[in-house]
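K.L.:
Quick one: this structure, given as structure tokens, is what I'll be asking you about.
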Amino acid sequence: MKRSNRSTSRTVYGAGCGKKFSLHGCGRQSDLIRHRAGRNERAQRSRDRRTPVFQLACRAFQHTAHYDAAISSYLSEMTGQSELPDSITFSMAKEQHLRYGENPHQNAALYGTFGRHLQKLHGKELSFNNILDINAAVMLCAEFAEPTVAIIKHNNPCGVASGASLAEAYSRAFSTDKASAYGGIVCVNRPLDRATAEAINEIFTEVIIAPEYEPGVLELLTKRKTGGLCA
């Protein structure tokens, strides 16, 4: 297992207090120094869990938990438990805060490596439901070698089809359920050509996903006032 050459964690001993703190990230020393300098003034609020010491403790344990999870995963592979281990430990960083969850009154955030695989090229920020549908569409299209189009809405396929070309595949997928396709997610597994883009653009589509866009296609699709584009 590779070890990073750059350390992002420091251990600092508090002068005259016999205590040790693990500081994760840059600029944390100044936070601790300011807190320790005014500790007498805030003695009566020592139970306040929002103080820098508790915040730093939280960050330190998050950091060490991530490292422990990486070691556990590595050792599980060495001992042949990679497919069905006795226990699973996840440690994922937050990529972004989402506008809302599955419903408008719910909070949500995106964790993991979604941004490494897909890039938003146009449109408003993706919602929780957008991301669920995008994931389903991409996974479905990945199962096909021939030109394929998947139309997803509410995490269910409205239509999926293959053809000699993307235009043919889209026509077949769209004809499966033309009503439900409105406002859905369209994913293709080939560079999106102009003919297919014009067909998709005839109705409102929430998000279009393609590995690449042929010349002039992005300009055509970004004229839409709503909807997003991913690659």
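The values are calculated or read from the model by the stated rules, or taken from the named source; none is laboratory data. These numbers come from a predicted model, not from an experiment. No Cβ is skipped: glycine too gets one built from the backbone with ideal geometry, and neighbour counts run over all protein chains shown.
K.L.:
Suppose the filter is surrounded by 15 or more Cβ atoms within 10 Å (Cβ to Cβ) and acidic (Asp, Glu); does Asp133 pass it?
P.N.:
Taking the combined requirement at face value, the residue satisfies it.
K.L.:
In the range 21-32, is there at least one residue being in a loop (DSSP other than H, G, I, E, B), exposed (fewer than 12 other Cβ atoms within 10 Å of the Cβ), of a type outside the set (Gly, Ala, Ser) and at pLDDT 80 or above?
P.N.:
So far as the range 21-32 goes, no, none of its residues is in a loop (DSSP other than H, G, I, E, B), exposed (fewer than 12 other Cβ atoms within 10 Å of the Cβ), of a type outside the set (Gly, Ala, Ser) and at pLDDT 80 or above.
K.L.:
Then there is this: Give just the number: which of (1) among the β-branched types (Val, Ile, Thr); (2) in contact (Cβ under 8 Å) with a residue 60 or more places away in the chain; (3) within 26 Å of Ile208 (Cβ to Cβ) does Ile71 not satisfy?
P.N.:
The one condition Ile71 does not meet is (3).
K.L.:
List, please: which pairs have Cβ atoms under 6 Å, are six or more places apart or on different chains, and start with a residue in the range 75-99 that is in contact (Cβ under 8 Å) with a residue 12 or more places away in the chain and over 23 Å from Gln62 (Cα atoms) and end with one that is in a loop (DSSP other than H, G, I, E, B) and hydrophobic (A, V, I, L, M, F, W, C)?
P.N.:
Matching pairs, first to second residue: none at all.
K.L.:
Moving to a separate point now. Of all residues in the range 180-204, how many are among the hydroxyl-bearing types (Ser, Thr, Tyr) and touching a Phe, Trp or Tyr at 6+ places or on another chain (Cβ under 9 Å)?
P.N.:
2
K.L.:
Considering each of Ala167, Ala195, Ala181, Ala199 in turn, give the residue that is part of a loop (DSSP other than H, G, I, E, B), hydrophobic (A, V, I, L, M, F, W, C), touching a residue at least 24 places away in the same chain (Cβ under 8 Å) and touching a helix residue (DSSP H, G or I) at 6+ places or on another chain (Cβ under 7 Å).
P.N.:
Ala181
K.L.:
Another question about this same structure. Out of all the residues in the range 146-164, which are out of contact with any Lys or Arg (no Cβ under 7 Å at 6 or more places or on another chain), over 19 Å from Ile131 (Cα atoms) and surrounded by 14 or more Cβ atoms within 10 Å (Cβ to Cβ)?
P.N.:
Within the range 146-164, Thr148, Ser162 qualify.
K.L.:
Next question. Taking only the range 99-131 into account, find how many residues are aliphatic (A, V, I, L, M) and closer than 17 Å to Val207 by Cα.
P.N.:
4
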